[in-house]
Amino acid sequence: MTEPDEEFKEAKRRVSRKFLGTAGVHGVGVREEGRKIAVFRQSSPGEGDEEREAVIAEIKKEAGPFEVEVVEDEPPEFTSAPTAEPAQTGEEHANPASAVPSQPESDSEAARPAGLIARCTRWIRSRLAR
């Protein structure tokens with residue numbers, strides 16, 4: 001895929017910042033063919049369909065001239081505690097599991113489920129913003 005132009009990248013960033021984590025949206029990416037913004041949404045038939053469709057309509061407005069492809073998909077699951085220690089080189093981590101200490105202190109942000117989710121969400125957003 002050739003490097004998308006700045007307007008396209010900015011539209012994707014806006015959609016990601018504004019809608020990631022709302023109405024089942026768990027990922028925002030791009031499709032190689034046709035300069036489309038891909039919105040990955042958790043499928044949940046019958047649960048708040050009107051609200052979810054209203055959010056998709058807002059996403060399409062926010063995307064501007066670019067097409068939005070909605071992909072019904074289950075979010076990734078974290079099935080076990082991370083085992084790798086963070087890299088000591090100061091480089092960015094290759095994956096969110098390595099960004100979280102394997103033995104977090106009980107009073108740290110990472111020890112609480114909400115803190116872990118927040119850290120993973122920040123990591124995902126930083127990768128999607130590229």
Please work out which one of (1) touching a strand residue (DSSP E or B) at 6+ places or on another chain (Cβ under 8 Å); (2) of a type outside the set (Asp, Glu); (3) at pLDDT below 85 is the condition Val55 fails and give its number.
(3)
Select from region 26-50 the residues that are surrounded by 12 or more Cβ atoms within 10 Å (Cβ to Cβ) and either among the basic types (Lys, Arg) or outside any strand (DSSP E or B) (or both) and list them in ascending order.
Arg31, Arg35, Lys36, Arg41, Gln42, Ser44, Gly48
Report yes if Ser80 is at pLDDT below 85, polar (S, T, N, Q), under 24 Å from Arg119 (Cα atoms) and part of a loop (DSSP other than H, G, I, E, B), otherwise no.
yes
In region 56-73, which residues are surrounded by fewer than 18 Cβ atoms within 10 Å (Cβ to Cβ) and either part of a strand (DSSP E or B) or in contact with a Ser or Thr (Cβ under 7 Å, 6 or more places away or on another chain) (or both)?
Glu67, Glu69, Val70, Val71, Glu72
Would you be able to say whether some residue in region 4-25 is modelled with pLDDT under 55 and either surrounded by 14 or more Cβ atoms within 10 Å (Cβ to Cβ) or part of a helix (DSSP H, G or I) (or both)?
yes
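The values are calculated or read from the model by the stated rules, or taken from the named source; none is laboratory data. Keep in mind that what you see is a predicted model, and the values were worked out from it rather than measured. Backbone-built Cβ (ideal geometry, glycine too); neighbour counts: all protein chains shown.
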